[in-house]
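Take a look at the structure set out below.
The values are calculated or read from the model by the stated rules, or taken from the named source; none is laboratory data. Bear in mind that the values here come from a model prediction, so they are computed numbers and not experimental data. Here the Cβ positions follow ideal geometry from the backbone for every residue, glycine too, while neighbour counts run over all protein chains shown. The area values use the complete protein model at the heavy-atom level, side chains included, leaving out ligands, DNA and RNA. Shrake-Rupley method; radii C 1.70, N 1.55, O 1.52, S 1.80 Å.
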Amino acid sequence: GIGNSVARLVFEALSERLGNRIVLQHYTSSTGFPSMPPAADTGTEGYTLLFASVDTLVIEPGLQRTATLPTHQAFEPIGLVAESPHVVVVNNDLPVHSVRELTDYISRYPGVVHFGSSGNGSSLHLAGEAYLSATGTNMVHCPYSAAEPATNNLVSGDIQAMFQVTSGVLNYVRAHKVRALAVMAPQRSPALPEIPSMAEAGYPDLTAARWYALLAPGGTPREIIEKYNAALNDALESPELRDKLLELGVTPLGGTPAQLGQFLALETRKWHATIKEAHLNR
């Protein structure tokens, strides 16, 4: 998937900058983040990096699907890598061309619009729940085993809406197989510059993105964290890596370890509230 591609590109860029002594362990799938990430290995100056996503760091702990939750003390933030915002997409035959029109349509015809996701409690499902909560509307949720079959069913009209990640629906939007209404971000996506942002659509607080972050095992020395962070920011500013990420529908980010720490706290609050409101936690 996209997570694997992003991890590979970032690993290659960091290896060039830090030498080949880094081990990247990545946790972007529903296998779940380890309850205890590996300890800093002093023999290699702690060259173990953890690459993780919103799913493993925030959503799964919120759903309590992992037996033991990762404590944020178990790792040290290095930096935010990149994100792919969710985008509200509808079937071409649905007579709506904006988020406002979608909201009005759902209000007028309850039970008609079905939205698909890659499963109960998935990021696609939660992005949809956040929309329903923000708009005070209701839609029928259709969980699929993965995002691809749901997207294909959106094209064929078996379902009418999705809150797909940009990277997963980019080619469908470009080929006009589905209609994109808004990117769930404060600003437009470089991958879909013609699609309005949620702020433009009138819902500035309705944001959702699949993001990726770089972390180190707890106890990694500060100077190593700083070194990793400098290498990450340098890589993300290089046109070479930027272009490859943007091509995937993923926006490069960067920033300081402290900013990632604050971001994790905000995202945890936001998505855990959505999970609770939708009664998804077990």
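Eigen-decomposition of the gyration tensor built on the alpha-carbon atoms of the stretch 124-167 gives equivalent ellipsoid semi-axes of 19, 12, 9 angstrom, largest listed first.
Only Cα pairs under 8 Å and 6+ residues apart enter the sum, and on that basis the relative contact order of the stretch 170-282 stands at 17 percent. Counting only DSSP H runs of at least 4 residues, each contributing -39500 (n - 2.57), and dividing by the residue count of the chain, the helix-based mean residue ellipticity at 222 nm comes to -12000 deg cm²/dmol.
Taking amide H positions as modeled 1.01 Å from N, with prolines and chain starts lacking one, the residues under 5 Å from ALA209 and 5 or more places away or on another chain are HIS86. Neighbours of ASN91 by Cβ distance under 13 Å: Lys/Arg scored +1, Asp/Glu scored -1, total 0. A DSSP coil position with no more than 10 other Cβ atoms inside 10 Å describes the following GluC sites (Glu not before Pro) in the stretch 155-237: GLU194. So what is log10(I(q)/I(0)) for the stretch 141-282 at q = 0.18 1/Å, when the Debye sum runs over its Cα atoms only? Here the Debye-derived log intensity ratios amount to -1.25. Normalised Debye scattering of the stretch 174-218 at q = 0.22, 0.23, 0.24 Å⁻¹ gives log10 I(q)/I(0) of -0.76, -0.80, -0.85, counting only Cα atoms as equal scatterers and leaving out solvent.
In angstrom, the C-alpha Rg and Dmax of the stretch 105-182 are 11.8, 32. Each residue of the stretch 111-118 was assigned a 3J(HN,Hα) from its phi angle through the Karplus expression (A = 6.51, B = -1.76, C = 1.60, θ = phi - 60°), giving x, 7, 8, 10, 10, x, 8, 8 Hz with x at Gly and Pro. Partners of LYS244 within straight-line reach, counting aspartates and glutamates whose Cα lies under 17 Å from its Cα and excluding those fewer than 8 residues away in the same chain: GLU12, GLU16, GLU83, ASP234. Computed with a 1.4 Å probe over protein heavy atoms only, the accessible area of ARG8 comes to about 130 Å². Taking the protein heavy atoms of the chain in the context of the full set of protein chains, the accessible area attributed to carbon and sulfur is 51 percent at 1.4 Å.
Of all the options GLY249, GLY19, GLY79, the one that moves most in a Gaussian network model of the chain with Cα springs shorter than 10 angstrom is GLY19. Principal axis extents of the Cα atoms in the stretch 225-282, from largest to smallest and rounded to whole angstrom, are 43, 28, 14. With both partners inside the chain, how many of the DSSP beta bridges are antiparallel, as a percent to the nearest 5? Bridges in the chain are about 70 percent antiparallel. If you take the Cα centroid of the stretch 192-213 and the Cα centroid of the stretch 136-150, the two points sit 19 Å apart. Solvent-accessible surface of the chain, averaged per residue with a 1.4 angstrom probe and all protein chains in place: 43 square angstrom. Both radii are taken from the alpha-carbon atoms of the chain; with Rh as the Kirkwood radius, Rg/Rh is 0.99. When you restrict to C-alpha pairs under 8 Å that are six or more residues apart and normalise by the size of the chain, the relative contact order lands at 29 percent.
Applying 1/(1 + (r/R0)^6) with r as the Cβ-Cβ distance of GLU240 and HIS272 and R0 = 35 angstrom yields a FRET efficiency of 0.40.
When the chain is treated as a GNM with alpha-carbon contacts under 10 Å, the residue of VAL88, VAL155, VAL23 showing the greatest mean-square fluctuation is VAL23.
Close amide H contacts of VAL81 (hydrogens built in the peptide plane, cut-off under 5 Å, sequence separation of 5 or more or a different chain): TYR212, ALA213, LEU214, GLY254. Charge tally around GLU237: other residues with Cβ under 15 Å, Lys/Arg +1 each, Asp/Glu -1 each, net -1.
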